[in-house]
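Accompanying notes for the structure given below.
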Amino acid sequence: MVIGAVLGVFIAAVFIPIRQPEKVTVGQVAQATGAAAGAPRADQADASAAAADDTATTATSSVGTVTAASGGPSAPTSGGAAAAPSGASATAAAQPSSTAAVRGVTDNSIKIGISVFDVSAFKYLGPNVADVGNIQQQWEAIFDDWHRRAVLPINGRDITPVFHTHQVSATGDTTSQRSTCSAFVNDDKVFAVIGTSDYATGADCVAGESHFPIIVDGGITEAGMSRNSPYLFSLMMTYSRLLRNFVHWADANHFLSGHKIGLYAMNDAETTSEMDKSVKQEMAKMGDKLTAEAYTDNNQAGSQDALAVQRFQALGVDVVMLFASAGGFTNQAKSQGYHPQYITTDFNLLTADSTGSLAPADQFDGMRAMTGRRDGEGVDGTKEDAQQEACLSNYERYSGHQIPRHKANTADTLEYRMTLTTCDEANALLQGLKLAGRDLTPASFIKALESITGLQQNAYAPATFKAGKHDGADQQRTLLAKSSCSCWAAVTPLSPLYVP
């Protein structure tokens, strides 16, 4: 879950600001590129979306309301919820002509590809950064539980999982993501894919280029969602929506007006575009602007953090929007006697507790953040809710491995967060398959996911999907960084977003 934050340690070269806002690049800012050529294409058969006059039955569960299209179940199994008006249809692009056969689907099984991420390249940083647990075993525990409770078979079909591993690279290499995509699409011929953390390139290949449904936990921009429509779903809100709301959150918390603001982010095409469209343009609407901005490059590290700190300090920047290289920037700030107010958000997953282990205590303490995740809930001693406890207990039952629970003034482990996220992705998959009914096609699966409203999640704010909106979380809260535990503490409840 925190791979974005981890990568920031390694991908840290900076482009030094000059004047209002000053922006000096050591190398050229990356240029936007389209989808890579030569990616695998699917010969997967899609059926037409259901007709607009489908009947529906509605039932209520502890986690929301389910509206099921005809042919689907009349009530949910435990663990998820959905709601949609009768006649909701999949996005038009998801409606090729119907055929008799659907790839990955037989009379009694559904083949699902699951890409598991490997962070072994970062093991030397210790468990705070690299111990995400056994993700494949987390999934196997869920499937075992579903069989034990007769959740599976669903609509007469069992799930046949296919696992492949993609490597998370310190250099940002995404070759292995494309390799897993090719295996799922061309070799395994799966019905749909689950992309665990750091799978944006894989999502481009699976959804946009190969036209297979895929569910990811997050890390997607609106541009990414658009080019992969209608096949891609994200449990987290898009980075674009997150950043727009972050600007309004910063204004509401008095971090903009009257301050000299610096922005520090990654130097890749999609990130620089998001900074322009979702941060600077949103600030301009409110009459605010940056004093300086700097972008890190993955070919140089360390010295560029120092240059960025030097320039920010010289220009009197007192509020830093920190979107990358939390450890590198803050360590350099400490060495130069510079201590601005830091504000951040889930971009590059900087609100994960592992961020606290990367920054000096005196720099980390007092950082503020806006999050759409359920981070920081246990720092005051609050226990896990029933859904979270069920997820963790089931994995412990299956694996024989204990996972530490919330404890006052204690950081969550990465394994804890990843186990909860796995349960969230599995639950979204389950609800989509259940609501799609027996006549399972990519179109009916997409339509089913688009009917989900208020899906309670373990790691994120509740998710709602609909046609044209395939990113789930719709709430935010404020976090405060505490050096005493190197962790984030939730200081407000989950609340509505400021802007769509």
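All of the numbers you see were taken from the coordinates with simple rules; none came from a lab. The structure displayed is predicted, hence computed values, not measured ones. We place every Cβ from the backbone using ideal geometry, glycine too, and count neighbours over all the protein chains shown.
Key figures for this structure:
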| read-out | value |
| --- | --- |
| Set of lysines with alpha-carbon distance to Lys111 below 25 Å, sequence-local pairs under 8 removed | Lys189, Lys434, Lys447, Lys466 |
| Integer Hz, Karplus 6.51/-1.76/1.60 couplings in order for the range 482-493, x for Gly and Pro | 10, 6, 4, 10, 6, 9, 9, 10, 6, 10, 9, x |
| Label zone at His406, where the point sits 7 Å out along the Cα-to-Cβ direction: the range 359-381 residues whose backbone N lies under 19 Å | 369-381 |
| Nitroxide proxy distance, nm - points 7 Å out along Cα→Cβ at Asp173 and Val499 | 4.0 |
| Eligible aspartates and glutamates near Lys407 by straight Cα distance, threshold 16 Å, same-chain separation 8 or greater | Asp353, Asp375, Glu377, Asp380, Glu384, Asp385, Glu389, Glu415 |
| Distance (nanometres) between label positions extended 7 Å along Cα→Cβ at Arg149 and Phe163 | 2.1 |
| Cut-off 15 Å (backbone N to label point 7 Å along Cα→Cβ of Lys383), residues of the range 401-443 | 405-408 |
| Listed peptides 135-142, 178-185, 107-114 by packing density, highest first (mean Cβ within 10 Å) | 178-185, 135-142, 107-114 |
| Modelled FRET efficiency - R0 60 Å, Lys289 with Glu396, Cβ distances, 0.05 increments | 0.75 |
| Partners for Lys289 among lysines (Cα-Cα distance below 17 Å; same-chain residues under 8 apart left out) | Lys23, Lys260, Lys277, Lys280 |
| Virtual spin-label span in nm between Ser335 and Asn253, 7 Å along Cα→Cβ | 2.8 |
